[in-house]
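Remarks on the structure that follows.
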Amino acid sequence: MDMEELEPIEEYVPGVANGRHYMARLWHLPDGPWSIDVIHIESLPPVHGSDRTWPTREEAVQAADKLVASLGH
(Lines give C-alpha, C1' and ligand atoms only; values in the text may rest on other atoms or scores of the structure.)
Protein backbone atom coordinates (compact mmCIF):
# COMPACT_ATOMS: atom_id res chain seq x y z
CA MET A 1 0.00 0.00 0.00
CA ASP A 2 1.45 3.37 -1.01
CA MET A 3 1.61 6.08 1.62
CA GLU A 4 0.70 9.43 0.13
CA GLU A 5 3.05 12.22 1.20
CA LEU A 6 1.31 15.00 3.04
CA GLU A 7 1.44 18.39 1.38
CA PRO A 8 2.44 21.30 3.59
CA ILE A 9 -0.16 24.00 4.06
CA GLU A 10 1.24 27.51 3.51
CA GLU A 11 -0.23 30.78 4.67
CA TYR A 12 1.00 34.32 4.12
CA VAL A 13 0.52 36.66 7.06
CA PRO A 14 1.07 40.43 6.80
CA GLY A 15 2.16 42.51 9.75
CA VAL A 16 3.87 45.64 11.01
CA ALA A 17 6.57 45.59 13.68
CA ASN A 18 8.88 48.42 14.69
CA GLY A 19 7.37 50.49 11.89
CA ARG A 20 8.35 47.94 9.22
CA HIS A 21 5.77 46.19 7.09
CA TYR A 22 6.41 42.51 6.54
CA MET A 23 4.89 39.39 5.03
CA ALA A 24 5.63 36.09 6.77
CA ARG A 25 5.16 32.76 5.07
CA LEU A 26 4.05 30.18 7.62
CA TRP A 27 3.53 26.51 6.95
CA HIS A 28 2.50 23.30 8.65
CA LEU A 29 1.55 19.75 7.85
CA PRO A 30 -2.03 18.76 8.61
CA ASP A 31 -2.37 18.39 12.40
CA GLY A 32 1.28 19.42 12.81
CA PRO A 33 3.05 22.37 14.42
CA TRP A 34 3.51 25.69 12.59
CA SER A 35 6.86 26.90 11.24
CA ILE A 36 8.09 30.20 9.84
CA ASP A 37 9.56 29.65 6.39
CA VAL A 38 10.63 33.15 5.37
CA ILE A 39 9.79 36.73 6.27
CA HIS A 40 9.89 39.43 3.60
CA ILE A 41 10.55 42.75 5.35
CA GLU A 42 10.18 46.22 3.89
CA SER A 43 13.61 47.66 2.93
CA LEU A 44 15.53 44.59 4.18
CA PRO A 45 16.59 41.28 2.67
CA PRO A 46 14.33 38.31 3.49
CA VAL A 47 14.85 36.58 6.82
CA HIS A 48 14.63 32.80 6.78
CA GLY A 49 12.79 31.00 9.52
CA SER A 50 14.35 28.84 12.17
CA ASP A 51 14.07 25.20 13.09
CA ARG A 52 11.60 26.15 15.81
CA THR A 53 7.94 25.24 15.62
CA TRP A 54 4.85 26.53 17.41
CA PRO A 55 1.75 24.54 18.29
CA THR A 56 -0.67 27.15 16.94
CA ARG A 57 -0.83 29.59 14.05
CA GLU A 58 -1.27 32.48 16.47
CA GLU A 59 1.96 31.64 18.29
CA ALA A 60 3.86 31.45 14.99
CA VAL A 61 2.46 34.86 13.98
CA GLN A 62 3.57 36.34 17.32
CA ALA A 63 7.03 34.83 16.86
CA ALA A 64 7.33 36.39 13.38
CA ASP A 65 6.28 39.74 14.81
CA LYS A 66 8.89 39.52 17.60
CA LEU A 67 11.59 38.51 15.11
CA VAL A 68 10.90 41.52 12.89
CA ALA A 69 10.71 43.84 15.92
CA SER A 70 14.08 42.58 17.19
CA LEU A 71 15.78 43.55 13.91
CA GLY A 72 15.38 47.23 14.80
CA HIS A 73 17.55 46.92 17.91
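The values are calculated or read from the model by the stated rules, or taken from the named source; none is laboratory data. None of these values were measured; they are calculated from a predicted model. We place every Cβ from the backbone using ideal geometry, glycine too, and count neighbours over all the protein chains shown. Side chains included, ligands, DNA and RNA excluded: accessible areas come from the protein's heavy atoms. Shrake-Rupley method; radii C 1.70, N 1.55, O 1.52, S 1.80 Å.
Quick notes on this structure:
- Which of HIS21, HIS48, HIS28 is most accessible, then next, and so on - probe 1.4 Å: HIS48, HIS21, HIS28
- Near VAL38, the amide H atoms lying under 5 Å from its own belong to ARG25, GLY49; only residues 5 or more places off or on other chains count, and H is placed 1.01 Å from N.
- Nonlocal amide H pairs with ARG20, under 5 Å, H built at 1.01 Å: none
- The Cα atoms of the stretch 1-51 define a convex hull whose projected area, averaged across directions, is 4.5 nm².
- Nearest 10 degrees, 0 to 90: helix 57-70 Cα axis against the chain principal axis: 30
- Phi-derived couplings, Karplus 6.51 cos²θ - 1.76 cosθ + 1.60 at θ = phi - 60°, listed residue by residue for the stretch 20-26: 9, 7, 9, 9, 9, 9, 9 Hz, with x used for Gly and Pro.
- Distance (nanometres) between label positions extended 7 Å along Cα→Cβ at GLU10 and SER50: 2.3
- In loop segments of the chain as defined by DSSP, the trypsin sites (Lys or Arg not before Pro) with at most 13 further C-beta atoms inside 10 Å of their C-beta are ARG52.
- Per-residue [θ]222 nm for the chain (sum of -39500 (n - 2.57) over DSSP H runs n ≥ 4, rounded to 500): -6000 deg cm²/dmol
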